[in-house]
Amino acid sequence: MNFLHPGLLLAGVLAVSIPIIIHLLFRQRRKPVRWAAMRFLIEAYRKRRRRLKIEHLILLAVRCLVIACLAFALGRPLLDAAGLLGSSGRDVYVLIDNGVASSLRTTNGETALDAHKRTAKDMLEALNSGDRAGLIALGGPADPIVLPASSDIGAVTRLINGLEATDGATDLQGALGALAAHLESLEGDEDPRPTVGLLLSEFRTGSADITKPLISTLSGLEGVRLLALQPDATSAGNVQIVGIEPLRSVVLTGAGRAAEDVSVRVRLARTGSAVGEAGVTSVRLRALDPNELDAPGADDSRASVRWTPGQSDASVTMSVRLDRAGEAGVGASVLVGSIDRDALEADNSLRTPVRITDALEVGIVGTRRFSGGTSVAQRSAADWLRPALAPTESTPVRITDLEPGALDAPTLAGLDALFVAQPDLVPEESWATLRTFADDGGMVVVTPPSEATVHLWTDPFLRAFGLDWTFGREAIDAPADAVFTIQPDANDGAGSGGVLTLLADELEPLVRPVGVFRTLAPDLGASTGTTRVLSLDNGEPWLVATRPGSGIRGETGANVPSGTPVDNQGSGRGVLFYLASAPTLTWTDLPARPLMVPLAQELVRQGVGSSSAGQAPIAGSPIAAPGGATSITLLSSGSEARTIDVDSSGLVRSPIRKAGVWIARDRAGRDEGVIAVNADTNGARTGVYDPEALLAWIGGVFGPAEGASEAVTWLDPAEPAGALESGERGSPFSMPLLLMALLFAIVETLLARWFAHAWREPGLSRGVIA
């Protein structure tokens with residue numbers, strides 16, 4: 001049993017012993033002094049001894065009850081909270097915003113989170129004796145720290161004191177969903193308690209997106225209301241670094257070299273009041289060894305961005321030298337960009353890992369011909385792919401020929417990319433092996449077989465890679481007097497790691513002379529996870545990019561809050577390209593055109609880069625570990641080492657809410673790649689909303705029912721704690737127990753006078769001794 005004031009209760013219980021001690025002291029024997037009439041008194045005392053003992057015990061019990069009632073009156077507040085005495089009170093849940101926007105500092109140096117914590121503590125102090133408190137942190141994904149509510153208000157207060165701002169966006173939907181799920185589990189209780197949710201946030205544009213309605217998770221729940229802080233009316237200026245984009249996400253140094261100069265585009269953004277001002281932002285770019293993140297950068301690259309009023313986005317291209325860190329032949333570097341400090345520091349830096357290797361390992365799946373007299377017209381797709389991938393001996397691409405019937409995990413383990421030139425010869429069970437290769441971060445390029453007439457291989461291909469495309473059974477030939485032509489898609493490379501970014505300026509003249517005679521183009525339908533890179537002039541896709549599993553709906557990560565909408569972009573970590581024409585002269589004259597070599601080179605280099613081990617997810621999002629990794633470990637000399645396991649699906653088990661660089665390792669402790677977690681820049685936007693529009697948006701959590709928005713009210717900014725105070729707050733003593741103590745005191749007084757014969761017994765005349 002818990003008490004709000006255990007010290008006072010203990011003192012009261014000890015005070016109960018005072019009447020007992022006095023009673024015992026008066027029972028001490030005294031030395032008798034005999035006198036003449038004493039024998040008559042002794043005789044009278046012997047006759048009344050039993051009655052006197054009972055009277056003394058009754059008085060002792062009543063006096064102890066007086067003190068005990070006072071003691072329990074002092075300790076009763078938590079007896080109320082436990083439901084043992086009187087009313088059950090309310091459940092008050094504090095939903096406190098510790099998302100990335102809450103780290104915004106005011107002019108006095110206090111952060112928004114500091115103000116939220118102070119308000120929360122003031123409101124907890126205003127709770128009544130029967131109330132309980134819960135705590136949910138909104139830093140994404142929302143964290144139900146105290147759920148269900150606890151009667152230990154002091155413990156909840158201490159947890160609030162220990163809250164820190166995360167680098168993830170505010171997850172109000174996830175917090176309300178967790179609260180609703182808990183309240184639904186309590187339905188049917190015999191003694192339901194009123195529920196109050198306290199929303200403590202500045203509700204800046206990064207904390208709440210009112211263009212996306214809240215899911216009505218609290219609809220139909222009785223006795224629930226929300227009290228929210230009014231949104232901050234002052235728009236704060238903020239400059240962010242939102243992207244670091246090396247022109248190549250995998251750097252090939254060639255044999256015998258360990259460093260390379262690369263061009264990097266750094267993107268910046270401004271939000272809030274900063275958009276309307278002119279200014280200058282200094283940009284610094286460093287390339288660091290993942291194991292020496294705090295080392296000084298002697299070769300830093302520096303640049304400046306000049307802003308004009310009204311400008312919200314800008315970019316600058318910088319050059320930095322990447323030194324390979326790791327074992328000979330392969331390694332990684334982390335690009336760290338930073339800008340001038342401002343009121344919100346979390347988005348002033350960004351990290352992107354870059355893979356550095358001396359060569360890429362590429363496999364070509366197809367039967368190899370050993371006759372040396374093959375004419376140009378008779379060359380297979382594999383024959384054309386080899387010189388395109390490795391046109392010279394110094395090209396940093398090593399090719400391995402693979403038989404379609406001999407594809408297994410050990411064979412594919414050392415490869416970065418795989419070109420499947422004869423998919424019709426791949427056994428059905430081997431397609432699952434290719435899917436696993438892609439899921440583990442490999443790149444797969446599939447082309448139709450040049451000699452097949454009926455294409456049955458598409459069925460196991462689509463099943464294995466989880467795609468919602470459809471194919472015809474036969475290829476389509478161009479008209480006899482014409483050929484199909486190809487053209488860049490308006491969004492070429494988007495979603496595929498910018499596969500043709502470096503060819504953008506010369507892509508159109510390269511594709512113009514290419515003719516296509518035959519295609520097996522997929523019908524993409526409504527697929528949202530597939531990107532067209534090149535298209536035919538008749539509108540059909542010719543080169544597309546996707547992630548394995550992009551056709552499977554409803555896949556979510558283990559640390560995605562329930563009820564969160566998910567746009568499925570594929571569950572695999574690798575990338576899949578499909579070329580609708582076999583690269584042979586019977587399907588297209590691409591092999592004889594200048595586009596062939598640069599297209600093959602960009603596919604393998606940028607494709608491998610987009611699916612390589614280096615990753616830069618945002619804090620609070622589901623994180624997929626590199627293939628083969630069983631755990632990830634935080635790399636930072638300034639903090640305690642932290643390791644998180646990877647589950648069987650390849651996702652990191654626990655959400656990561658803070659920015660930092662992690663190393664992924666396999667079961668044997670070997671490094672599998674680098675993961676750079678960054679702050680959520682969308683969640684760090686510092687604009688403001690109209691209070692009425694925001695109030696209506698929050699009210700949507702109660703559904704479209706009439707009066708639902710009235711269940712949400714703003715707190716008084718001058719005295720927010722007043723919303724929880726009531727008349728019961730006047731005294732910590734329980735009135736019923738105080739009345740009982742008073743009643744026992746009156747009874748004790750009357751009994752004492754009665755037992756002391758303060759009144760004359762009936763029937764006795766004046767002067768007669770009883």
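Can you tell me how many residues within the stretch 62-84 are at pLDDT below 65 and either buried (at least 21 other Cβ atoms within 10 Å of the Cβ) or in a helix (DSSP H, G or I) (or both)? Reasoning before the result, please.
First pass over the stretch 62-84, keeping only residues at pLDDT below 65: 75-84.
Keeping just the survivors that are either buried (at least 21 other Cβ atoms within 10 Å of the Cβ) or in a helix (DSSP H, G or I) (or both) gives 75-81.
Result for the stretch 62-84: 7.
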- Those residues of the stretch 100-116 that are assigned to a helix (DSSP H, G or I) and surrounded by fewer than 21 Cβ atoms within 10 Å (Cβ to Cβ) come to a total of 2
- Query: So which pairs qualify, if the first residue must be in the stretch 270-285 and under 27 Å from P246 (Cα atoms) and not assigned by TED's automatic domain parsing to the domain that holds A303, the second must be modelled with pLDDT under 95 and not basic (K, R), the Cβ gap must be under 7 Å, and the two must be at least 6 apart or on different chains?
  - Reply: none
- Take the stretch 165-178 and flag every residue that is under 20 Å from K117 (Cβ atoms) and either out of contact with any strand residue (DSSP E or B) (no Cβ under 6 Å at 6 or more places or on another chain) or free of Cβ contacts under 8 Å to residues at least 60 places away in the same chain (or both). A165, D167, A169, T170, D171, L172
- Message: Regarding the stretch 148-164, can at least one residue be identified that is under 16 Å from W697 (Cα atoms) and either in contact with a strand residue (DSSP E or B) (Cβ under 6 Å, 6 or more places away or on another chain) or aromatic (F, W, Y) (or both)?
- Response: no
- Could you please let me know if P309 is at pLDDT 90 or above, loosely packed, with under 15 Cβ neighbours inside 10 Å, assigned by TED's automatic domain parsing to the domain that holds E187 and farther than 30 Å from L634 by Cα? no
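Residues being open to solvent by less than 90 Å² (accessible area, probe 1.4 Å) and modelled with pLDDT of 75 or more: count how many of those fall in the stretch 719-735.
Taking the stretch 719-735 as the starting set, the residues that turn out to be open to solvent by less than 90 Å² (accessible area, probe 1.4 Å) are 720-724, 726-727, 730-734.
Next, only the ones that are modelled with pLDDT of 75 or more stay: 720-724.
Matching residues across the stretch 719-735 total 5.
For the stretch 391-425, enumerate the residues that are in a loop (DSSP other than H, G, I, E, B) and closer than 16 Å to G607 by Cα.
Filtering the stretch 391-425 down to residues in a loop (DSSP other than H, G, I, E, B) leaves 391-396, 403, 407-408, 413-416, 421-422.
Those that are in a loop (DSSP other than H, G, I, E, B) and closer than 16 Å to G607 by Cα: P396, L415, D416.
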- Query: Taking the condition among the charged types (D, E, K, R), within 21 Å of L524 (Cα to Cα) and either in contact with a helix residue (DSSP H, G or I) (Cβ under 8 Å, 6 or more places away or on another chain) or open to solvent by less than 20 Å² (accessible area, probe 1.4 Å) (or both), does R463 pass?
  - Reply: yes
- Message: Here is a list: D152, D171. Which entry is surrounded by 14 or more Cβ atoms within 10 Å (Cβ to Cβ), under 30 Å from I623 (Cβ atoms) and acidic (D, E)?
- Response: D171
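Given the residues A708, A684, A679, A624, which is the only one that is modelled with pLDDT under 90, under 15 Å from the mean Cα position of the chain (by Cα) and open to solvent by less than 30 Å² (accessible area, probe 1.4 Å)?
Matching residue, one of A708, A684, A679, A624: A624.
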- Would you be able to say whether some residue in the stretch 606-620 is at pLDDT 90 or above, open to solvent by less than 10 Å² (accessible area, probe 1.4 Å) and either touching a Pro at 6+ places or on another chain (Cβ under 9 Å) or of a type in the set (F, W, Y) (or both)? yes
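Restrict the check to the stretch 257-264 and report whether at least one residue is acidic (D, E) and assigned to a strand (DSSP E or B).
Residues of the stretch 257-264 that are acidic (D, E), as a first pass: 260-261.
Add one more test, that the residue is assigned to a strand (DSSP E or B), and what stays is 260-261.
Looking for residues that are acidic (D, E) and assigned to a strand (DSSP E or B), one finds at least one in the stretch 257-264, hence yes.
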- Message: For the structure I just gave you, tell me whether L425 is at pLDDT 90 or above, in the same structural domain as L599 (by TED's automatic domain parsing), of a type outside the set (S, T, N, Q) and over 18 Å from G574 (Cβ atoms).
- Response: yes
- Message: Step by step: first the residues of the stretch 410-426, then only those that are in contact with a helix residue (DSSP H, G or I) (Cβ under 7 Å, 6 or more places away or on another chain) and not hydrophobic (A, V, I, L, M, F, W, C), then the one that is least open to solvent (accessible area, probe 1.4 Å). Which residue is that?
- Response: P423
- Query: Among the residues of the stretch 427-454, how many are free of Cβ contacts under 8 Å to residues at least 12 places away in the same chain and either crowded, with 24+ Cβ neighbours inside 10 Å or over 16 Å from D408 (Cα atoms) (or both)?
  - Reply: 1
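Please specify each residue of the stretch 500-535 satisfying the condition of being part of a strand (DSSP E or B) and either free of Cβ contacts under 8 Å to residues at least 40 places away in the same chain or within 41 Å of the chain's Cα centre (by Cα) (or both). Give the steps one after another, and end with the answer.
First, the residues of the stretch 500-535 that are part of a strand (DSSP E or B): 515-516, 518-519, 523, 530-535.
Residues satisfying the conditions are D523, T530, T531, R532, V533, L534, S535.
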- Query: Among the candidates S219, S207, S201, which residue alone is farther than 27 Å from D114 by Cα, touching a residue at least 40 places away in the same chain (Cβ under 8 Å), of a type in the set (G, A, S) and in contact with a helix residue (DSSP H, G or I) (Cβ under 9 Å, 6 or more places away or on another chain)?
  - Reply: S219
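Would you check if L200 is surrounded by 20 or more Cβ atoms within 10 Å (Cβ to Cβ), at pLDDT below 95 and under 18 Å from T713 (Cα atoms)? Please lay out each step first, then the result.
Working: surrounded by 20 or more Cβ atoms within 10 Å (Cβ to Cβ): yes; at pLDDT below 95: no; under 18 Å from T713 (Cα atoms): yes.
Judged against the criteria, L200 is not a match.
The values are calculated or read from the model by the stated rules, or taken from the named source; none is laboratory data. Bear in mind the structure is a predicted one, so any value in this text is a computation, not a measurement. Every residue, glycine as well, gets a Cβ built from its backbone with ideal geometry; the counts of neighbours run over all protein chains shown. Note: accessible area is taken over every heavy atom of the protein model, side chains too, but ligands, DNA and RNA are not part of it. Shrake-Rupley method; radii C 1.70, N 1.55, O 1.52, S 1.80 Å.
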